[in-house]
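Only one structure is covered here, and it is reproduced in the block below.
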Amino acid sequence: MNLETEKTMSRSEISTTPKRTAELEELLIDAEADDEQVQQNHPLVRRPWLLLLGLILVALNLRPALSSMAPLLSDVSKSLGLSAAQAGLLTTLPVLCLGLFAPLAPILARRFGAERVVLGILLTLAGGIILRSNFGEIGLFAGSVLGGASIGIVGVLLPGIVKRDFARHAGTMTGVYTMALCLGAAMAAGSSVPLSEHFDHSWAMGLGFWVIPALVAAVFWLPQVGQKHGAHNVAYRVRGLLRDPLAWQVTLYMGLQSSLAYIVFGWLPSILIGRGLTPTQAGLVLSGSVIIQLASSLAAPWLATRGKDQRLAIVIVMALTLGGLFGCLYAPIDGLWGWAILLGLGQGGTFSLALTLIVLRSRDSHVAANLSSMSQGFGYTLASMGPFAVGVVHDWTGGWNAVGWIFGIIGTGAIIAGLGAGRALYVQVQSEKI
């Protein structure tokens, strides 16, 4: 059977499946889907309200270490004498670590248990926040690496815990998880500058404050460490993913749309400050744009499955994203909030569609888990180049206008990759028991 025949069969299989509704309700990819024993054991949660609270608090901490830096970046750079390229590296390192350390998550979970790993990583996240806000330039970069690595590992494990312990409410929990991510990012973006001003204009306090939510989350997560969730025995493997063109198209789309997202997290406030806003105003614009992402992140996957494939939806959300970015960069400042809203609508959709594509392009949960690992590992590594490129270009030109070329190149690349990834096909790989 040749590849063209397999693709035709894939189209037929997808079209006869009733929108794959059940799978779309499970957009939270389980990093331990290859672990048969874990998948067969769904323990009774004794205190679901405490687990739910712990999950929300942990999810709230997956973005503040990233979004709190952007509004304070100019103050940090001036205080420590950083060049724009060094500031770009500072915004790049955490994103790079998301990709480099994400593959460690299932390995650590099988060795120590997901609950213990989450607790330990929350403590390392707290350590990274303290390190980057109290030990000068070396601590700043080292803490950023530690924080990014921590977020990368927890971000892979948490969805699997959600799906395992709330299997009957996966759709609802997807919304709760997304809401917590957006809320954490928005809170940090909007309040880091006011916090630093409250503490005698200390950027260290503005960044260091976010150790408190991390420690609070660790306290509320502690009761979960004693729970028994069965032995960990790898039962499946997926072959051929790295040789599949469709898998690489999904990965490129994930990475390129993430690159734009982390450019916004890392540089949008600095761009707006350069256009005349105060740091507080710039942080609030970023915060508002992130909050708007919630609406489109919940709506886009549902809308994208109404048609025969996801290509049109990908083009629309990327067009909204680019329109918002160019508006924030070039349009009159009086209409800034409108462009920020447009940007939020676009980026909420691009992220949720990236998660949707992982599910829709996979035949089963084992393939989805491996495709998710591939798209995050390679994708976030690729994404880290965007913030660094912005810093380098700003350093070369001394302004922000040339950054529009970076937006255009990355956005165009994301559309091209998305047009391939959005086709109604499956990745041509095999999932086998071992």
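Okay, here's what the table says:
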read-out	value
Segments classed as helices (runs of 4 or more DSSP H), wholly inside the range 15-84, with at least 3 members that are modelled with pLDDT under 55 and open to solvent by 40 Å² or more (accessible area, probe 1.4 Å)	21-24, 36-40
Number of the exception - PHE135 against (1) under 20 Å from LEU53 (Cβ atoms); (2) of a type in the set (Phe, Trp, Tyr); (3) modelled with pLDDT under 90	(1)
Residues being in contact (Cβ under 8 Å) with a residue 60 or more places away in the chain and either touching a Pro at 6+ places or on another chain (Cβ under 9 Å) or more than 21 Å from LEU104 (Cβ to Cβ) (or both) - total across the range 375-393	11
Single match in ASN401, ASN370 (criterion: touching a Leu at 6+ places or on another chain (Cβ under 6 Å), of a type in the set (S, T, N, Q) and open to solvent by 10 Å² or more (accessible area, probe 1.4 Å))	ASN370
The range 394-413 residues that are in contact (Cβ under 8 Å) with a residue 24 or more places away in the chain, paired with ones that are of a type in the set (Phe, Trp, Tyr) and assigned to a loop (DSSP other than H, G, I, E, B) (beta carbon under 8 Å, 6 or more apart)	HIS394/TRP400
So SER133, is it within 19 Å of the chain's Cα centre (by Cα), open to solvent by less than 30 Å² (accessible area, probe 1.4 Å), closer than 23 Å to THR91 by Cα and among the polar types (S, T, N, Q)	no
Test: residue in the range 143-157 that is crowded, with 24+ Cβ neighbours inside 10 Å, more than 28 Å from GLN86 (Cα to Cα) and out of contact with any helix residue (DSSP H, G or I) (no Cβ under 6 Å at 6 or more places or on another chain)	no
Inter-residue pairs, beta-carbon under 6 Å, first touching a residue at least 24 places away in the same chain (Cβ under 8 Å) and in the range 333-352, second outside any helix (DSSP H, G or I), 6+ apart	ILE333/ARG275
Output for the range 252-290, where each listed residue is more than 14 Å from the chain's Cα centre (by Cα), of a type in the set (S, T, N, Q), surrounded by 21 or more Cβ atoms within 10 Å (Cβ to Cβ) and within 22 Å of GLY404 (Cβ to Cβ)	SER270, SER289
The one condition in (1) of a type in the set (Asp, Glu); (2) outside any helix (DSSP H, G or I); (3) open to solvent by 50 Å² or more (accessible area, probe 1.4 Å) that ASP309 fails to fulfil	(3)
Condition met for GLN293 (open to solvent by less than 40 Å² (accessible area, probe 1.4 Å), assigned to a helix (DSSP H, G or I) and under 27 Å from SER68 (Cα atoms))	yes
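The values are calculated or read from the model by the stated rules, or taken from the named source; none is laboratory data. Everything numeric in this text was worked out from a predicted model, so none of it was measured. For neighbour counting, all protein chains shown are included, and Cβ atoms are generated from backbone atoms with ideal geometry for every residue, glycine included. Side chains are part of the model used for accessible areas, which takes the heavy atoms of the whole protein and leaves out ligands, DNA and RNA. Shrake-Rupley method; radii C 1.70, N 1.55, O 1.52, S 1.80 Å.
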